[in-house]
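Structure, as structure tokens:
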Amino acid sequence: MLNTLISGLQIVLTPSTFVLIFAGTVVGVIFGALPGVSASMAVALALPFAYKMNGVIAIAFLCSVYCASITGGGITAILFKIPGTPSSAPTTFDGYPMAQRGEAGKALGYSLVASAIGGLIAAFAMAIVSGPLAAVALKFGPGELFAVAMLGLSVLTCLDNGNVIKTLVSGLLGLFLATIGMDPQTGVARFTWGSTTLLSGVEMIPVMIGLFAVTEVLKQTVKRAKGKGNDMESTSGGKFKTAIPNMKEFFAVKWVMLRSSVLGTVVGILPGAGATIASFLSYTVEKKVSKYPEKFGTGIADGIVASECANNAATGGAMVPLLALGIPGGNAAAIMMSALVLKGVQVGPLLVKSQPDYLSSVFGSMLITNIIMVFVALAIAKVFAKILAIPYSILGPVIIMLATIGSFALKNSTGDVVLMVASGIIGYLFVSLGYSSAALVLGLVLGVMCEENLRRAYQIANGSWAGALNSPITIVLLLVCAAMILFPIIKGALPDKKAKS
């Protein structure tokens with residue numbers, strides 16, 4: 001551990017390498033804050049710059065972009081209710097309400113500190129237990145990964161305790177959307193209705209931009225049309241000072257940070273799980289264990305901390321299977337692996353033993369990035385904050401324009417813009433009728449993972465459902481899922497003793 005730390009710092013504190021990591025952090029935060037640019041896209045856009053770098057330096061540079069982009073996603077999630085990255089969606093639940101109360105600076109402070117803590121804990125966990133944890137992750141086959149996805153879906157019952165049925169319906173709609181497109185095994189088009197855009201499936205980023213950004217603009221426009229809003233003021237007034245939590249505030253959420261960081265690291269290690277599942281799962285767990293669950297979604301620091309700690313911790317977790325097993329833990333890790341392969345690096349179990357510099361460089365890069373990105377994000381947040389001073393009659397159309405550009409840039413397709421608009425209208429109807437946009441997004445995110453792994457497990461078991469789901473890990477996870485889904489329903493059906501008394 002000490003040798004890894006010393007070696008990592010020697011690599012990243014070299015002046016030329018430090019400049020590259022700083023540049024990667026700046027690029028990552030900016031890309032992460034832009035609507036429509038996911039962490040994977042940020043790493044992909046930075047990839048050409050890594051081609052001429054040494055392999056050890058290249059992985060450190062790409063790692064800095066990856067970590068910083070996850071943090072950057074929280075900036076627009078809090079200020080505009082636009083998740084810069086999919087993993088920042090739960091941050092909007094409490095971050096945006098705080099911004100509307102005039103506490104945008106405080107919300108950003110919690111977000112940045114939580115991001116740094118989560119990333120640092122994950123970095124140390126990666127260095128200490130990469131071997132044992134990677135061995136555990138190797139035991140997760142398609143059946144186990146299906147159970148992990150189902151565990152993520154089981155949090156649907158906790159997203160809105162007041163209306164479980166509508167939340168489940170929203171999640172099921174998200175699962176249906178995940179089935180649209182070409183069948184991954186047979187190649188048959190499903191539910192495309194003759195549209196070439198839908199052949200590649202329903203893209204998550206245009207849907208999220210529509211559900212969060214377009215829906216919010218529609219809400220604000222309708223509010224002002226009814227005379228309930230002041231057109232000369234934006235949602236937060238545009239004037240705030242980012243406030244880092246003081247010691248008292250920090251210690252008030254210390255256990256939330258620890259739990260979310262550990263959970264995010266573990267989820268990040270599982271191949272294919274990623275930061276999005278980690279943030280949703282962590283948010284739900286904290287809502288379950290909290291002494292005041294009714295405050296979640298109203299603008300509470302615990303919700304911001306849970307989401308941002310977990311999604312940043314997942315970045316460190318995702319690097320464990322990449323370096324130790326040669327199995328990327330997510331899309332961004334897969335892009336990093338392609339960069340290493342192009343450099344002629346043999347990624348796999350022998351890499352950590354034969355070339356420990358790679359583990360050291362990733363460790364050192366994550367340590368430095370998670371520290372300097374707080375200061376970088378503070379400066380960039382001030383720039384984004386200036387936008388909040390613009391009257392909403394101008395800001396609303398600007399947000400729609402940026403959302404349109406972000407959706408179109410994904411594949412240079414007008415079909416994604418149409419998808420964004422449709423999602424915005426559906427999102428507004430969801431809000432009006434009491435359904436959950438977050439549940440729909442979660443179903444869409446996890447639907448593909450559920451289907452692919454379940455069908456793969458079924459084929460491996462030679463067409464036996466019992467054989468596909470009979471491993472002890474799978475059974476335990478599915479039992480936990482069943483308990484999480486049924487408990488709120490059973491609890492709601494029982495008579496309220498307090499009401500009787």
Looking for whichever is under 28 Å from Gly73 (Cα atoms), in a helix (DSSP H, G or I) and modelled with pLDDT of 80 or more here; the options are Leu151, Leu145, Leu133, Leu172. Which one fits? Leu172
Residue in the range 296-311 that is modelled with the lowest pLDDT, counting only those that are assigned to a helix (DSSP H, G or I) and within 19 Å of Gly152 (Cβ to Cβ): Asn311
Kindly evaluate Ser115 against the criterion of being modelled with pLDDT under 85 and of a type in the set (Ser, Thr, Tyr). no
Quick check: anything in the range 398-408 aromatic (Phe, Trp, Tyr) and surrounded by fewer than 16 Cβ atoms within 10 Å (Cβ to Cβ)? no
Return yes or no: is Pro90 under 27 Å from Val214 (Cβ atoms), out of contact with any strand residue (DSSP E or B) (no Cβ under 6 Å at 6 or more places or on another chain), modelled with pLDDT of 85 or more and of a type outside the set (D, E, K, R)? yes
Exactly one condition in (1) surrounded by 20 or more Cβ atoms within 10 Å (Cβ to Cβ); (2) closer than 21 Å to Gly297 by Cβ; (3) at pLDDT 80 or above; (4) not charged (D, E, K, R) is false for Pro206; which is it? (2)
Working only within the range 454-473, note down all residues that are at pLDDT below 85 and within 28 Å of the chain's Cα centre (by Cα). Leu469, Ile473
Quick check on the range 267-280. Is at least one of its residues of a type in the set (Val, Ile, Thr) and either surrounded by fewer than 24 Cβ atoms within 10 Å (Cβ to Cβ) or touching a Cys at 6+ places or on another chain (Cβ under 7 Å) (or both)? no
Within the range 246-295, the count of residues that are among the hydroxyl-bearing types (Ser, Thr, Tyr) and not in a helix (DSSP H, G or I) comes to 2
Please report, ordered by residue number, the helices (runs of 4 or more DSSP H) entirely within the range 17-119 with at least 1 residues that are touching a residue at least 60 places away in the same chain (Cβ under 8 Å) and under 19 Å from Gly299 (Cα atoms). 55-80, 89-100
When you check Ser40 against the structure, is it among the polar types (S, T, N, Q), under 23 Å from Leu359 (Cα atoms), within 17 Å of the chain's Cα centre (by Cα) and crowded, with 24+ Cβ neighbours inside 10 Å, yes or no? no
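The values are calculated or read from the model by the stated rules, or taken from the named source; none is laboratory data. Predicted model, so just to flag it, every value in this text is computed and none were measured. Quick reminder, even Gly has a Cβ in these numbers, built from the backbone with ideal geometry, and neighbours come from all protein chains shown.
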